[in-house]
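Here's the structure we're looking at; comments come further down.
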Amino acid sequence: MKILIKTEFGYLILLLLTLGLVAWQHFGMNVSYSYELSRAVPITLSNDDINGGRSRGQLSFVDGKPTLNCEIVLSQSFAFCSMLLPLADDDGNGIDLRRFDSLTLTLGYEASERDTLLVYLNNGERINNNDIIRANVQVLVPSAGIQHYTLPLSQFHVPSWWVFSRTEAKISTASQLDNVQNIQISTGDHRSARDVQIQILDFHFDGKWIRAADLYFYLLMVWAIAAVLQIVVIARRFRFKYLYTQREAKRLNEINSFLKIERDKFETLAKQDSLTGCLNRNGLIDILERAISQYESGQSATALILLDIDHFKQLNDNFGHDEGDRVLVALATLLRQHIRDNDHLVRWGGEEFAIVCEQTSTAGALTLAENLRAVIEASHISEQAQVTASFGVAQLNSNHIEPWFKRADESLYLAKHQGRNRVALAP
Ligand SMILES: Nc1nc2c(ncn2[C@@H]2O[C@H](COP(=O)(O)OP(=O)(O)OP(=O)(O)O)[C@@H](O)[C@H]2O)c(=O)[nH]1
């Protein structure tokens with residue numbers, strides 16, 4: 001949760017920063033390059049006499065501003081006058097106009113005939129080991145008098161005459177403004193004899209510290225990096241959660257299996273007599289339920305043998321309680337050795353045991369009881385005294401437990417009454 005709040009806070013900061021930068025770029029971040037026009041500026045004049053023309057240009061300074069007076073005389077060649085203002089420093093390094101958006105010119109203009117003006121930004125370049133000057137031009141339609149003209153730098157283009165005057169193969173025809181050597185203002189291409197006066201009052205380039213496209217690109221990069229980082233963080237968090245869940249699941253599984261083992265242990269203990277290891281009354285419940293359902297479905301008969309050690313009180317009194325316990329344990333062991341898997345030995349009370357014999361007829365139960373009686377008598381399970389037991393046998397003949405046990409108990413009482421160490425069968 002804390003990390004989530006931190007992340008959201010981070011993105012909020014980034015969003016505000018982005019909006020702030022975009023707004024700042026749009027409304028501020030202005031950068032300007034202006035030019036001090038004075039007599040000291042080494043302005044160059046040129047006209048069509050270089051091509052054999054007869055136009056005449058004259059440079060003067062009116063109110064300290066360079067002024068070109070040109071008489072254009074029609075001839076075979078392209079008739080023109082132009083003035084060229086240097087922008088490069090003493091080492092010949094021109095100015096990089098790539099972060100500028102526009103050129104604003106303030107011109108005074110008079111002409112005897114309607115005409116255009118050509119504004120050149122001449123860029124110094126090195127192509128195929130030759131230093132060349134690329135012409136980037138834009139045409140403006142001047143009005144008489146003093147006017148401001150704002151020319152977007154993006155609209156400067158390389159004129160076709162420049163391209164065709166090059167002999168280099170594969171020359172780029174795109175405008176370049178990274179090393180502008182000079183600005184040249186030239187009369188237009190109206191084919192008429194005319195007088196033109198051009199006064200340059202001011203010019204400057206306007207732009208932004210960071211161009212909008214560059215800013216958007218940088219911001220996009222920052223957002224992309226933030227998104228990638230976020231994805232990495234989320235992936236790591238998921239991996240951590242996954243591993244943690246796996247570890248927890250494993251731990252819970254271990255606890256579960258341990259608890260299951262413990263539960264099984266307790267369940268067994270709850271059904272077991274602690275002294276003899278036989279089932280106790282609790283452990284008999286399932287067996288009796290099965291016996292009743294088998295009786296009801298008529299599947300098979302179940303017999304009950306109750307046996308009680310004879311004169312056990314005397315044995316306890318004469319040889320001690322511990323000897324009594326030893327006899328109980330030894331008797332249980334002996335009985336277990338002589339019964340089948342289908343016979344369930346239960347410690348019913350103090351010195352009394354019950355054996356529930358599944359799938360056993362009355363005759364079978366009688367035989368088993370007699371057999372056990374004889375084994376006990378012959379076994380010498382106590383070194384101190386002769387141990388015998390009396391048996392009562394009853395076949396399950398209804399779907400009620402209580403009368404069944406009562407009948408077995410009565411037959412056991414009968415066996416005791418008849419002299420002990422014998423087996424009696426319930427009617
Ligand atoms: N050592 C020992 N004695 C027990 C235990 N449970 C019951 N007894 C004793 O078993 C004796 C049972 O005595 P009685 O019910 O009088 O029966 P009996 O002496 O065996 O006489 P008959 O059954 O009539 O032959 C009592 O003295 C009980 O204290 C036990 O877990 N250990």
How many residues of the stretch 23-36 are touching a Phe, Trp or Tyr at 6+ places or on another chain (Cβ under 8 Å) and aliphatic (A, V, I, L, M)? The answer is 2
Identity of the residue in the stretch 183-209, of a type outside the set (Lys, Arg), within 57 Å of the chain's Cα centre (by Cα) and surrounded by fewer than 20 Cβ atoms within 10 Å (Cβ to Cβ), that ends up nearest to LEU59 (Cα to Cα):
HIS204
Being more than 16 Å from the ligand (Cβ to nearest atom), surrounded by 12 or more Cβ atoms within 10 Å (Cβ to Cβ) and either among the polar types (S, T, N, Q) or assigned by TED's automatic domain parsing to the domain that holds GLY364 (or both): is that true of GLN337 here?
no
For the stretch 273-291, name all the residues that are within 12 Å of the ligand (Cβ to nearest atom) and out of contact with any strand residue (DSSP E or B) (no Cβ under 7 Å at 6 or more places or on another chain).
SER274, LEU275
How many residues, within the stretch 379-427, are under 11 Å from LEU306 (Cβ atoms) and surrounded by fewer than 15 Cβ atoms within 10 Å (Cβ to Cβ)?
1
Here are the criteria: (1) farther than 20 Å from LEU345 by Cα; (2) touching a residue at least 24 places away in the same chain (Cβ under 8 Å). Tell me which single one HIS417 does not satisfy.
(2)
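Residue-wise test of (1) under 19 Å from PHE27 (Cβ atoms); (2) of a type in the set (Ser, Thr, Tyr); (3) part of a strand (DSSP E or B).
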| site | (1), (2), (3) |
| --- | --- |
| ASP189 | no, no, no |
| VAL196 | no, no, yes |
| ILE210 | yes, no, no |
| TYR216 | yes, yes, no |
| ALA226 | no, no, no |
Take LEU229 and decide whether it is out of contact with any Pro (no Cβ under 6 Å at 6 or more places or on another chain), of a type outside the set (D, E, K, R) and within 16 Å of the ligand (Cβ to nearest atom).
no
Among the strands (runs of 3 or more DSSP E) confined wholly to the stretch 19-75, which include 3 or more residues that are in contact (Cβ under 8 Å) with a residue 60 or more places away in the chain and surrounded by fewer than 17 Cβ atoms within 10 Å (Cβ to Cβ)?
30-34
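Quick check on this structure: which one of GLU296, GLU248, GLU267 is modelled with pLDDT under 90 and charged (D, E, K, R)?
Sole residue among the options that is modelled with pLDDT under 90 and charged (D, E, K, R): GLU267.
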What are the residues in the stretch 134-161 that are within 13 Å of GLN176 (Cα to Cα) and either among the aromatic types (Phe, Trp, Tyr) or touching a Gly at 6+ places or on another chain (Cβ under 6 Å) (or both), if any?
PHE156
Filter pass, LEU315 being of a type in the set (A, V, I, L, M) and either within 11 Å of the ligand (Cβ to nearest atom) or within 24 Å of LYS406 (Cβ to Cβ) (or both)
yes
So is TYR109 touching a residue at least 60 places away in the same chain (Cβ under 8 Å) and part of a strand (DSSP E or B) or not?
yes
Condition first: part of a helix (DSSP H, G or I), more than 30 Å from LEU396 (Cβ to Cβ) and out of contact with any Asp or Glu (no Cβ under 6 Å at 6 or more places or on another chain). Can you find one or more residues in the stretch 265-285 that meet it?
yes
Out of everything in the stretch 380-427 that is modelled with pLDDT under 95, aliphatic (A, V, I, L, M) and within 16 Å of the ligand (Cβ to nearest atom), what residue ends up being nearest to the chain's Cα centre (by Cα)?
ILE381
Quick one: which of GLN246, GLN299, GLN294 is over 30 Å from VAL22 (Cβ atoms), more than 16 Å from the ligand (Cβ to nearest atom) and not in a helix (DSSP H, G or I)?
GLN299
Please tell me if LEU15 is more than 60 Å from the chain's Cα centre (by Cα) and either at pLDDT 90 or above or not assigned by TED's automatic domain parsing to the domain that holds LEU117 (or both).
no
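Of all residues in the stretch 347-379, how many are in a strand (DSSP E or B) and either within 14 Å of the ligand (Cβ to nearest atom) or out of contact with any strand residue (DSSP E or B) (no Cβ under 6 Å at 6 or more places or on another chain) (or both)?
3
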Return yes or no: is LEU307 assigned by TED's automatic domain parsing to the domain that holds PHE391, within 30 Å of PRO427 (Cβ to Cβ), within 16 Å of the ligand (Cβ to nearest atom) and not in a helix (DSSP H, G or I)?
yes
In the stretch 175-198, is there at least one residue being closer than 18 Å to GLY124 by Cα and of a type in the set (Ser, Thr, Tyr)?
yes
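The values are calculated or read from the model by the stated rules, or taken from the named source; none is laboratory data. A quick note: this is a predicted structure, and the numbers were derived from the prediction, not measured. Glycine gets a Cβ as well: all are built from the backbone with ideal geometry, and neighbour counts include every protein chain shown.
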